[in-house]
Amino acid sequence: MSKRVLVLAANPKKDSFVSYLAEAYASSAEKHHEVQLLQISDMEFNLDLTGGYAGEQPMEDSLMSFQDSLEWCEHLVIFVPIWWGALPAKLKGLIDRTFLPGFAFQYEKGELIPKKLLQGKTARIVMTMDTPPWYYFLIQGAPAAKQLKTATLKFVGFKSVKSKMIGPIISSTKKSRSKWINDVSKLGYAAN
């Protein structure tokens, strides 16, 4: 069954391996699905949610467009590098500025847990890193994966969030990179 798939290449650096992986996924997914590919490197916006949720902050065009794409999609795929064990600041800024009350969730009087406004969507997170994935998961506790999966996507209503860790990138061979590209292409074909 065809899905509406949003692919976000979340490396602020242009022409990164993350972008290449995202493009391979999107290209494969387009064979059976409707696909939008967004490059965070092309988006210009203030990273800071300067007043928190207390005041309104004008939203840049790229942020409004991202929200439109997020509402449109049934399946979200985020390709992101792990820097210092965490998400790049630009991706965190994108989340802070767009996953807002009234759009992604809504506080309700007398309720401890906010209402989830992005119900029913699925997601996949593909993280690249220079450390071995087993080390990031077992020793460091995979904080970025937990943050995106549980504290962000599931918090706003995503019903299923899968993850894949790829690395180490810094010492990878051409053969390793070809295998990773093939792996994400297969995921794209299935929109999984």
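Things to note:
- Residue with peak Gaussian network fluctuation, the chain [Cα springs, cutoff 10 Å], from ALA145, ALA86, ALA54: ALA54
- Put simply, the convex hull of the Cα atoms in the chain casts, on average, a shadow of 11.3 nm².
- Using alpha-carbon coordinates, inclination of helix 174-190 to the longest axis of the chain, degrees: 50
- Note on LYS175: lysines with a C-alpha under 26 Å away, same-chain residues under 8 apart excluded, are LYS13, LYS14, LYS31, LYS162, LYS164, LYS186.
- Point-charge dipole on Cβ atoms (K/R +1, D/E -1) for region 122-176, about Cα centre, debye to 20: 280
- Shown here is the pair-distance distribution of region 38-94: with all Cα-Cα distances grouped in 10 Å bins from zero up to the longest one, the shares run 19, 48, 31, 2 percent.
- The equivalent ellipsoid that matches the C-alpha gyration tensor of region 66-136 spans semi-axes of 27, 15, 12 angstrom, in descending order.
- Normalised by the number of residues in region 1-159, the average gap of Cα pairs under 8 Å and 6 or more apart makes the relative contact order 25 percent.
- Karplus-based coupling profile of region 63-71, in residue order and whole Hz: 6, 5, 5, 4, 4, 4, 5, 5, 5, with θ = phi - 60° in 6.51 cos²θ - 1.76 cosθ + 1.60 and x standing for Gly or Pro.
- The C-alpha atoms of the chain define a longest principal axis, and helix 17-29 lies at about 90 degrees to it.
- Computed from point charges on the beta carbon alone (+1 for Lys and Arg, -1 for Asp and Glu), the dipole magnitude for the chain about its Cα centre is near 980 Debye.
- Near the amide H of SER163, within less than 5 Å, lie the amide hydrogens of ILE125, all on another chain or at least 5 residues away, with H placed in the peptide plane.
- Helix 89-98 and the long axis of the chain differ in direction by around 40°, with both axes built from C-alpha atoms.
- Region 129-151 and region 32-49: distance between their alpha carbon centers, rounded to Å: 23
- Helix-derived mean residue ellipticity, 222 nm - over the chain, DSSP H n ≥ 4, -39500 (n - 2.57), to 500: -9500 deg cm²/dmol
- Computed over region 137-186, the percent of Cα pairs more than 18 Å apart is 49.
Here, each number is a calculation from the coordinates, and none is a lab measurement. Computed from a predicted model, the values in this text were never measured in an experiment. Note that we place each Cβ from the backbone using ideal geometry, even for glycine, and neighbour counts take in every protein chain shown.
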